[in-house]
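One structure is given below, encoded as structure tokens.
No lab work stands behind these numbers, since they all come straight from the coordinates. Note that the structure is predicted; figures quoted are calculated from it, not measured. So basically every Cβ, Gly included, is an ideal-geometry build from the backbone, and we count neighbours across all protein chains shown.
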């Protein structure tokens, strides 16, 4: 604001220098990753490193796909993340509707349970969770991967806040017109919670797309249900010194999400920002 | 009449609330209680569990590995939290000025957040490779002989911190930027009219009004930080020679490699207690420094 008074150009210039430098620090590693994935085994160990692959080769991508069924991992990861996000949205918003709009005995106690679990990180319950899945014969199955991710107390809390923020007159008018809870929920209130839903969807999707510990533990047996992050971490063990191959694998795993982000970044960032001001 | 209405209400609750509540009990609350039960047993998950009472907890008191894991976790947080907060705040303040391409810069800084921890860990493991890594090569340009990073006992945790700060910077920036943009411009202008310097405005207007966002970020970072796992597992595997071990890594190894599920559960309970206490302290002290306008 001070730059209105004068000396605007030099200061703005300095600001851009800092911003561009910051952008290089954040983006440089990704570009370096692309370059590395195109280098040969000899070229990758060259010191000083060559700025561009010399010669460029696409073979590393083939080696990744030969070593591990990466397409299968991608389909697993995508399917799992989408299913989990969708179910989380449904479970959280329906439960939140009950907490915000329906009076029943013990409501506060039940909601208290949700708040209490907000403090329980999954990392802490991993041992009994694994035992439980083993008893249910769900180790190394899609259900085993999916089930523990379904309920999010953070999401339930966020959605309850969203419902509480809507005026009561809305549903009361609808009830007078003869609508039931289901119609009020789906047709009147839910569409109005879109910003909260979007925020929750972004968090839920990112969390399940990036999840590592639980998929690592529950899919340890085979590659059939393995997700991308776990597959990628295994790749490192196979190609210990071939960083070109590892980087090719890493690029394959981030390609879908980065493409999606490129088109939706405004919306993604707005959703994350929303959690900080409303959550 | 009332009966029918009551039944309808019960019907709605069972359709709307039951699925979520069942999952909550089965996959979160139930396992939490089970953790406490398992922690009182010696159990390799193959033979029947054997009751040992507080034996596992007593053993924890003398377990050097676990103590190192706790110390390392605190060390990680002590490095990570200030760096990510100051860095994120600096970026947010820069982007809050009326600059061009704000959207572009914001999107670029946020990019590491959407990629996974495994990718970021592998990427930095390679950038920090002692021999072939670009970081040590760049250092050598300045005549500095770079450290062994993740292969070194001293530098393993700093390597993890570096990668984590880089990954989370964009997240902190976005949350703080949203907080900054919620500050009414009239307040800044009033301070400007009163002759406040930009440093005074930052200290007396911006930062106090930003405290709710700062609080949000700190609480989330602390809860996540105590559970740090992915980066450590991929970058150092807890090594070299156990020098960078962290609590969750101990839990995983005890359960799945050493056949000590009961002992791992005791560690889980301790971790949970630590997170609970830290969060409780945060919530208690927030009145003193968090300013809700």
Separation between Cα centres of the stretch A:196-269 and the stretch B:59-93, rounded to whole Å: 25
FRET E, pair residue A:83, residue B:86, Förster distance 35 Å, beta-carbon r, rounded to 0.05: 0.35
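Arrange the peptides A:261-269, A:85-93, B:28-36 so that the one whose residues have, on average, the most other Cβ atoms within 10 Å appears first. Each step should come with its number before you reach the end.
Working: A:261-269: 16.0, A:85-93: 21.3, B:28-36: 19.1.
Ranking, from highest mean packing down: A:85-93, B:28-36, A:261-269.
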Centre separation in Å (Cα based) which lies between the stretch A:45-81 and the stretch A:101-119: 47
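Let a ≥ b ≥ c be the square roots of the eigenvalues of the Cα gyration tensor of the stretch B:6-102; is it rounded (a/c under 1.5), or, if not, prolate (a/b larger than b/c) or oblate?
Because a/c hits 1.5 or more and a/b fails to exceed b/c, the stretch B:6-102 counts as oblate.
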Average beta carbon contacts from partner chains per residue of A:26-36, 10 Å cutoff: 4
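Can you pull the percent of Cα pairs in the stretch A:69-238 with separation above 24 Å?
So the pairs more than 24 Å apart make up 45 percent of the total in the stretch A:69-238.
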Proxy reagent accessibility, fewest Cβ within 10 Å first, across B:124, A:32: A:32, B:124
Prolate/oblate/rounded call for chain B, Cα gyration tensor, a/c under 1.5 rounded: oblate
Peptides B:242-249, B:223-230 ordered by average Cβ neighbours within 10 Å, highest first: B:242-249, B:223-230
Cα-based helix-to-principal-axis angle, A:243-278 vs chain A, degrees rounded to 10: 30
Helix axis angle, A:8-37 relative to chain A longest principal axis, alpha carbon, degrees: 70
Chain B: calculated mean residue ellipticity at 222 nm from DSSP helix runs of at least 4, using -39500 (n - 2.57): -22500 deg cm²/dmol
Choice from B:206, B:186, B:71 with maximal GNM fluctuation in chain B (Cα, 10 Å cutoff): B:186
Cβ-based exposure ranking for B:22, B:84, A:202, B:205, in which fewest neighbours within 10 Å come first: B:22, B:205, A:202, B:84
Cβ neighbours within 10 Å from other chains - mean over A:61-73: 0
Ellipticity estimate at 222 nm from DSSP helix runs (n ≥ 4, -39,500 (n - 2.57)) divided over chain A, nearest 500: -22500 deg cm²/dmol
Angle between chain A longest axis and helix A:70-101 axis [Cα atoms, degrees, rounded to 10]: 20
Three-way shape label, the stretch B:78-198, alpha-carbon gyration tensor, a/c 1.5: prolate
Over the stretch A:69-238, relative contact order from alpha-carbon pairs under 8 Å, at least 6 apart, %: 42
For the protein assembly as shown: span of alpha carbons on each principal axis (Å, largest first): 85, 75, 47
Selected from A:196, A:36, A:143 as most flexible by GNM, with chain A as the system and alpha-carbon contacts under 10 Å: A:143
Spatial separation of Cα centroids for the stretch B:231-293 and the stretch B:157-198, in angstrom: 28
